[in-house]
1. Using a Gaussian network model on the chain with a 10 Å cutoff between Cα atoms, which of 79, 69, 98 fluctuates the most?
2. Would you mind ranking 22, 30 by Cβ crowding within 10 Å, fewest neighbours first?
3. Using only the Cα atoms of the chain, each taken as one equal point scatterer with no solvent, compute I(q) by the Debye sum, divide by I(0), and report log10 of the ratio at q = 0.09, 0.14, 0.15 Å⁻¹.
4. Quick one: work out the % antiparallel among DSSP beta bridges in region 38-166, nearest 5.
5. If the viscosity is 0.890 mPa s and the temperature 25 °C, what Stokes-Einstein diffusion coefficient in µm²/s follows for region 69-117 when Rh is the Kirkwood radius over Cα pairs?
6. With springs only between Cα atoms under 10 Å, which of 114, 37, 27 fluctuates most in a Gaussian network model of the chain?
7. With the chain treated as a Gaussian network of Cα nodes joined by springs under 10 Å, which of 90, 36, 24 yields the largest mean-square fluctuation?
8. Taking Cα pairs under 8 Å and at least six residues apart, what relative contact order does region 1-114 come out at, in percent?
Amino acid sequence: MALIDYFLRRPEFDIFQMTGDHLPDVARIHGVLFKPAWSASAFYSLLSQDSVSGFVARQNNSSGGSAMGGFVLTRSAGGEAEILTVGVDPRYGRAGLGWRLMQAAVGRARQDGAETMFLEVDQANVAALALYRRLGFRKVGERKAYYKPSAQDASPGGADILRLDL
Ligand SMILES: CC(C)(COP(=O)(O)OP(=O)(O)OC[C@H]1O[C@@H](n2cnc3c(N)ncnc32)[C@H](O)[C@@H]1OP(=O)(O)O)[C@@H](O)C(=O)NCCC(=O)NCCS
């Protein structure tokens, strides 16, 4: 059963509310996944805002390790929530951590009174699009030439705007 399986692929990881102590590891993983990378202090500025909350996937005490597996940061205000960033360390990819992090973010947004959640995703990001579809997000709009092209890629990528009704 696919959904339950997400908790079994990497049972040594639990989802924790993001705190300041996590931010150096969060920024390190963000730097592996995204350009430009966000610094730990940039994450701190965001997390300090009342409307922003985050979760991390981290090895639990019983595993004997403390590695960070991934993170998600969400803003929730005025009945709407937005995924600011989400990422999983490639060493722990495809093990359900992204799905579990997103479930935590969705749960928190509901608690905060949000009725919809939005996010933007590069139209070429097959993994993220598949994850979001699996979570029930649907495309509600698009932005042309949203993502800056890399040196090798002459055509700027577009972004899909996705929505999940909470
Ligand atoms: C997108 C991302 C967060 C997914 O995290 P993950 O922990 O690897 O994903 P999960 O293991 O939770 O995957 C859950 C489901 O999403 C889909 N999925 C995830 N990665 C996929 C991939 N590479 N190809 C196709 N489908 C994928 C699958 O449906 C998967 O379920 P399955 O393994 O049973 O088929 C991760 O690939 C990542 O950090 N990418 C780089 C950063 C990024 O693009 N962030 C999103 C920006 S909008």
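Bear in mind that the values in this text are calculations on the coordinates, not laboratory data. Remember, predicted model here, so these are calculated numbers, not experimental data. Here the Cβ positions follow ideal geometry from the backbone for every residue, glycine too, while neighbour counts run over all protein chains shown.
1. The residue that fluctuates most here is 79.
2. 22, 30
3. The computed values of log10 I(q)/I(0) come out as -0.30, -0.74, -0.86.
4. So the antiparallel bridges in region 38-166 amount to around 90 percent.
5. For the chosen part, D equals 222 µm²/s.
6. Of 114, 37, 27, the Gaussian network model singles out 37 as fluctuating most.
7. Result: 36 has the largest fluctuation of those listed.
8. It comes to 28 percent, rounded to a whole number.
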